[in-house]
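This report concerns only the one structure given below.
No value in this document is a laboratory result; all are computed from the given coordinates. Just so it is clear, the model here is predicted, and its values are computed rather than measured. Counting neighbours? That spans all protein chains shown, and the Cβs are built from the backbone with ideal geometry, glycine included.
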Amino acid sequence: MIGSAGEIATLSRVDFYVLSDASPDARLRFTCRLAEKAYDQGKRIYVLTPTRAEAQRLDDMLWTFNERSFIPHEVAGGNAPSHAKVMVLLGEGEAPPTHRELLINLTNVLPPALESYERIVEVVDVDEERKRLSRERYKVYRERGCAMETHNL
């Protein structure tokens, strides 16, 4: 994003959530909780997944993870959401402009157009290779001047 003086704007914040839970779906369950919290705050969220199949798994979990609430969501098809009330989009491509308040990155790479998001959350599980790759992204975010915080859970 280009600022008024032509300088490149930086993200306001990047949070790394480092999970200690080694269960297979820990990252997805935690992502559901993050999405619910952001939705409760009125945020539009994009969850960047490594594959469409992973987006579909997360879609299924969002329907069932909390029986007391519903989060309007859908798997993105590369376009804007099907309805204005869809607050959470899931997909493996770049987020539409409507859903750039919060990006939850579940991939092992930097998100495309990362400067266009108000906030990015990186969810890191116990997998050693994913931890190594998240440290690489951490360095890039730091080099770009992002305000960062790490949460060990």
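Considering only alpha-carbon pairs that sit under 8 angstrom and 6 or more positions apart, the relative contact order computed for the chain is 38 percent. Here the residues 139, 85, ranked from fewest to most Cβ neighbours within 10 Å of their Cβ, fall in the order 85, 139. Within the shell of other residues whose beta carbon sits under 13 angstrom from the beta carbon of residue 72, the net charge comes to -1, with Lys and Arg scored +1 and Asp and Glu -1. Within the same chain, lysines fewer than 8 places from residue 43 are excluded, and of the rest, those with a Cα less than 21 Å from its Cα are 85.
Taking square-rooted eigenvalues a ≥ b ≥ c of the alpha carbon gyration tensor, is the chain rounded, prolate or oblate, where a/c under 1.5 means rounded and, failing that, a/b exceeding b/c means prolate? Note, shape of the chain comes out oblate.
Summing charges over all other residues whose Cβ lies under 11 Å from the Cβ of residue 102, with Lys and Arg as +1 and Asp and Glu as -1, gives +3. Counted by neighbouring Cβ atoms within 10 Å, the residues 25, 40 run from fewest to most as 40, 25. Cross-link reach is defined here as a Cα-Cα straight distance under 16 Å, omitting same-chain residues fewer than 8 places apart; for residue 131 the lysines meeting it are 139.
When 125, 60 are sorted by how many other C-beta atoms sit within 10 angstrom of their C-beta, beginning with the fewest, the order is 60, 125.
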